[in-house]
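Novice: Sharing a structure below in structure tokens format, with a few things to ask.
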Amino acid sequence: MTDAKPTRVAVIGSGPAGFYTAGHLLSESDSAVEVDMFERLPTPWGLVRSGVAPDHPKIKSVTRIYERTASDARFRYFGNVELGKDITRTELAAHYHAIVYATGSLKDRAMGIPGEDLPGSWAATDFVGWYNAHPDYRDLEFDLSHERAVVIGNGNVALDVARMLVLSHAELAKTDIADHTLDVLEHSKIREVVVVGRRGPAQAAFTNPELRELGEMDGVGVRVSSAELDRALAVPDPNIDATAERNLTALRKYAEGTVRGERLVSLRFLASPVELRGDSAGVREVVLAHNALEADDSGALRARPTGETEVIEAGLVMRAIGYRGEALPEVPFDERRHIIPNAQGRVIDPSDSAHRAGEYVVGWIKRGPTGVIGTNKKDAQETVDVLLEDLEAGRLTAPASPDPDAIETLLRERKPDLVDYAGWELIDRHERSLGEPHGRPRVKLTSIDEMLEVAAGQQPENA
Ligand SMILES: Cc1cc2nc3c(=O)[nH]c(=O)nc-3n(C[C@H](O)[C@H](O)[C@H](O)COP(=O)(O)OP(=O)(O)OC[C@H]3O[C@@H](n4cnc5c(N)ncnc54)[C@H](O)[C@@H]3O)c2cc1C
Ligand SMILES: NC(=O)c1ccc[n+]([C@@H]2O[C@H](COP(=O)([O-])OP(=O)(O)OC[C@H]3O[C@@H](n4cnc5c(N)ncnc54)[C@H](OP(=O)(O)O)[C@@H]3O)[C@@H](O)[C@H]2O)c1
């Protein structure tokens, strides 16, 4: 590359996808590239901070890789700046050669059944945001005064939610779980969490360590019915993989073992919620329709109702049936798949299927809300590869205002409380110092105002 002027890239979103994109761009391009990252919260890391369960601290240590990226002199962090609210796509296009959307999929999905809106019926996204101290969810109030909760869905989020509801106070108290959650969970009356999958155990989306971990919690038994396993496994799945095989081994062990513990996780299969019953005081019952498995035209096994139903008493229902992406202003959106339409990461204009020059997408908002943290690394590589290919081919247009100071001046005028990386480091240090005397990794701030005060070098008023 001979062009001495740096190529300027705006990355929107500071989760794994955004950080892997920044990392690849800075380490792999043979041209001068500068990356500015925009994040709507003062704090970075996306779902690594606000999704990954508090009892999984090792997984969160992936942020050390992102910290290395952030320490690159060609990287800047603009926290507390939301695309579509504080800055528009058109404005960004005037300052950058390329924009990469990495905004994730933060909304919930509905089951679409009667009673879903009763008090006590929640999306897992709410509960997860609340226990992880995400500022948007800090004021939610969960009533845990009932003995049984039902979690709908057979993915890892369902297992996270179930674990959070049954882990002992002693185990939770050493994590970075939100303080408000710790207090509420300490007085929880929940004794049984029933996790319900609409298909069979071989089709569950659990990963092996997460399923095995259920059996390793102090004072918690895991109940699985051998008869239910047999019924589901009577229909062989041609797509069964090694992960599912290992899950089946773990499930058989649960089914054959003695169930002991003051609290219980029951894993149920072949059942779909069809109605939540209750009154203005809240959910009281979950009506489950029993299913059988049936191959569709592609050979995949689908759930078909048998006509039988069952009623379970429960005062809390969490639907962990997947996350959902949201449209960004001025950016194309696929309303069916809830993603930004793209070809290998190049944003596609749905009207003519042409690439919107200079616009790219990565992570959950590119491919939908599945995949672990590492999946986004490979995904970011694909997006960065096409971006650099377009750069080489001269397909990126120089912005009208390429001076890096120009965008910062604009942002600081508009958002005097913008949080830069040094501001985040102050928040990080403050949270760690709050946790340290209690043997906790950190105590997270939950209020944006408090975060902004700490980022500005002040003590928060409510500290
Ligand atoms: C509850 C839960 C637990 C998980 N646990 C694990 C785990 O233990 N291990 C594992 O490997 N994977 C786990 N995952 C999966 C992993 O978190 C995802 O693969 C990953 O976070 C997706 O990365 P992303 O960058 O696409 O999205 P996100 O991590 O969601 O990041 C998107 C970022 O964009 C920001 N943003 C959104 N809109 C705007 C806007 N308009 N302007 C500016 N910024 C914006 C958001 O605030 C957010 O910071 C978990 C997922 C969930 C939901
Ligand atoms: N510890 C970890 O590594 C960890 C923790 C949390 C999340 N994650 C990852 O994050 C991603 C998202 O996880 P997730 O649990 O949200 O999604 P997921 O893995 O896609 O699981 C969603 C579950 O919801 C079920 N479902 C969907 N619609 C339903 C409906 N209407 N009624 C009943 N059930 C329904 C699905 O069943 P069908 O299969 O029948 O559609 C599936 O069992 C996954 O890749 C996951 O591995 C990882």
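Novice: Divide, for region 108-322, the radius of gyration over alpha carbons by 2.2 N^0.38 Å, where N is the residue count. Show your work: numbers first, answer last.
Specialist: On the way: Rg = 16.9 Å, N = 215, 2.2 N^0.38 = 16.9 Å.
In units of the 2.2 N^0.38 Å rule of thumb, it is 1.00.
Novice: Using only alpha-carbon positions, what ratio does the radius of gyration of the chain give when scaled by 2.2 N^0.38 Å?
Specialist: Values: Rg = 23.6 Å, N = 463, 2.2 N^0.38 = 22.7 Å.
Computed over Cα atoms of the chain, the ratio equals 1.04.
Novice: Write out the GluC sites (Glu not before Pro) in region 283-330 meeting two conditions: DSSP loop, and at most 15 other Cβ atoms within 10 Å of their Cβ. Walk me through the numbers before you get to the answer.
Specialist: On the way: sites: Glu285, Glu294, Glu308, Glu310, Glu313, Glu326, Glu330; in loops: Glu326, Glu330.
The qualifying sites are Glu326, Glu330.
Novice: I've got another one for you. Could you pull out every one of the aspartates and glutamates with an alpha carbon less than 12 Å from that of Lys189, ignoring same-chain neighbours closer than 8 positions?
Specialist: Excluding near neighbours in sequence, the set is Asp143, Glu147, Glu262.
Novice: Continuing with this model, one more query. Given a Förster distance of 45 angstrom, what is the FRET efficiency for Arg336 paired with Arg429, based on the Cβ-Cβ distance and rounded to 0.05?
Specialist: Details: r = 44 Å, r/R0 = 0.98.
Computed FRET efficiency for Arg336 and Arg429: 0.50.
Novice: What FRET efficiency do you get for Ala234 and Val259 if R0 is 22 Å and r is their Cβ-Cβ distance, rounded to the nearest 0.05?
Specialist: On the way: r = 24 Å, r/R0 = 1.09.
So, using R0 = 22 Å, E works out to roughly 0.35.
Novice: Counting only helical runs of four or more DSSP H residues, what would the 222 nm mean residue ellipticity of the chain come to if each run contributes -39,500 (n - 2.57) and the total is spread over all its residues?
Specialist: The per-residue figure over the chain is -9000 deg cm²/dmol.
Novice: Further, regarding this structure: Normalised by the residues of the chain, what does the relative contact order come to in percent, with Cα pairs under 8 Å and at least six apart? Kindly include the intermediate steps, with their values, before the conclusion.
Specialist: Details: 962 pairs, mean separation 97.9, N = 463.
Relative contact order, the chain: 21 percent.
Novice: So, how do all the Cα-to-Cα distances of region 361-463 break down into 5 Å bins, in percent, from 0 on up?
Specialist: Calculated P(r), rounded to whole percents: 2, 10, 12, 10, 11, 17, 17, 11, 6, 3, 1, 0.
Novice: Also, I was wondering about something else. Could you state the angle between the C-alpha long axis of helix 375-392 and the longest principal axis of the C-alpha atoms of the chain, as a value from 0 to 90 degrees rounded to the nearest 10?
Specialist: Roughly 20 degrees, rounded to the nearest 10.
Novice: If you add up the charges near Glu34, with Lys and Arg at +1 and Asp and Glu at -1, over every other residue whose beta carbon is less than 9 angstrom from its beta carbon, what do you get?
Specialist: Values: positive: Arg8, Arg74, Arg76; negative: Asp36.
Charge balance in the 9 Å sphere: +2.
Novice: Rank these for me by crowding, His97, His187, His430, going from fewest to most other beta carbons within 10 Å. Spell out each step's value before the answer.
Specialist: Numbers: His97 24, His187 9, His430 21.
Ordered by Cβ neighbours within 10 Å, fewest first: His187, His430, His97.
Novice: Now a separate question. Which chymotrypsin sites (Phe, Trp or Tyr not before Pro) in region 6-67 pass both tests, a DSSP loop state and at most 15 other beta-carbon atoms within 10 Å? Kindly include the intermediate steps, with their values, before the conclusion.
Specialist: Details: sites: Phe19, Tyr20, Phe38, Trp45, Tyr66; in loops: Trp45.
Loop-located and lightly packed - none at all.
Novice: May I ask which residue of Val222, Ala173, Asn154 lies farthest towards the positive end of the charge dipole of region 108-322, with charges of +1 (Lys, Arg) and -1 (Asp, Glu) on Cβ and the Cα centre as origin?
Specialist: In region 108-322, that residue is Val222.
Novice: Taking K and R as +1 and D and E as -1, what net charge do the other residues with C-beta under 15 Å from the C-beta of Glu308 add up to?
Specialist: Details: positive: Arg198, Arg231, Arg268, Arg304; negative: Glu228, Glu275, Glu310.
With Lys, Arg at +1 and Asp, Glu at -1, the neighbours total +1.
Novice: Then there is this: Going by alpha carbons, how many degrees (0 to 90, nearest 10) lie between the helix axis of 404-414 and the longest principal axis of the chain?
Specialist: Roughly 60 degrees between the two axes.
Novice: So what is the relative contact order for region 108-322, in percent, with contacts set as C-alpha pairs under 8 Å and at least six apart?
Specialist: Details: 455 pairs, mean separation 66.6, N = 215.
It comes to 31 percent, rounded to a whole number.
Novice: Mind checking Rg over Rh on region 333-377, alpha carbons, Kirkwood formula for Rh? Each step should come with its number before you reach the end.
Specialist: On the way: Rg = 10.8 Å, Rh = 10.9 Å.
Value, to two decimals: 0.99.
Novice: With a 10 Å radius around each residue's Cβ, average the other Cβ atoms per peptide and rank 109-117, 155-163, highest first.
Specialist: Numbers: 109-117: 14.2, 155-163: 23.2.
Output ranking for 109-117, 155-163: 155-163, 109-117.
Novice: For region 287-342 and region 141-188, compute the distance between their C-alpha centroids and round to whole Å.
Specialist: 23
Novice: Pairs Lys107/Lys444; Lys60/Lys377; Lys107/Lys366; Lys85/Lys107; Lys58/Lys174; Lys107/Lys377: which are spaced more than 24 Å apart, C-alpha to C-alpha?
Specialist: Numbers: Lys107/Lys444 22 Å; Lys60/Lys377 15 Å; Lys107/Lys366 15 Å; Lys85/Lys107 18 Å; Lys58/Lys174 14 Å; Lys107/Lys377 22 Å.
From the list (Lys107/Lys444; Lys60/Lys377; Lys107/Lys366; Lys85/Lys107; Lys58/Lys174; Lys107/Lys377), the Cα-Cα distance tops 24 Å for no pair.
Novice: Please find the FRET efficiency linking Ala242 to Thr90, where r is the Cβ-Cβ separation and R0 is fixed at 56 Å, and quote it to the nearest 0.05.
Specialist: On the way: r = 48 Å, r/R0 = 0.86.
Efficiency computed from Cβ-Cβ geometry: 0.70.
Novice: A further question on this structure: Between Lys174 and Glu28, what is the label-point separation in nm under the 7 Å Cα-to-beta-carbon projection?
Specialist: Result for the modelled spin labels: 3.9 nm.
Novice: Taking K and R as +1 and D and E as -1, what net charge do the other residues with C-beta under 13 Å from the C-beta of Ile87 add up to? Display every interim value, and only then the final one.
Specialist: On the way: positive: Arg40, Lys85, Arg89, Arg412, Arg414, Lys415; negative: Asp36, Glu39, Glu82, Asp86, Glu91, Glu330, Glu408, Glu413.
Net charge in that neighbourhood comes out at -2.
Novice: Another one. In whole Å, what is the distance between the alpha-carbon centres of region 34-93 and region 424-454?
Specialist: Result: 17 Å between the Cα centres.
Novice: What is the dipole size for the chain, taken about its Cα centre, with +1 at each Lys and Arg Cβ and -1 at each Asp and Glu Cβ, in debye to the nearest 20? Write out the running numbers ahead of the final one.
Specialist: Working: 54 positive and 75 negative charges, 214 e Å.
Dipole magnitude for the chain comes out near 1020 debye.
Novice: Further, regarding this structure: Counting only C-alpha contacts under 8 Å and six or more residues apart, can you give the relative contact order of region 23-145 as a whole percent?
Specialist: Taking the mean separation of contacting Cα pairs over the length of region 23-145, I get 28 percent.
Novice: Ok, one more. So how far, in whole Å, is the C-alpha centre of region 380-406 from the one of region 10-26?
Specialist: 14
Novice: For helix 156-166, what angle does its Cα long axis make with the longest principal axis of the chain, in degrees from 0 to 90 and rounded to 10?
Specialist: 60
Novice: Ok, one more. Of all DSSP beta bridges located in the chain, what percent are antiparallel, nearest 5?
Specialist: So the antiparallel bridges in the chain amount to around 40 percent.
Coordinate-derived values only; no laboratory data. This one's a predicted model, so the numbers in the text were calculated from it and none came from an experiment. Note that we place each Cβ from the backbone using ideal geometry, even for glycine, and neighbour counts take in every protein chain shown.
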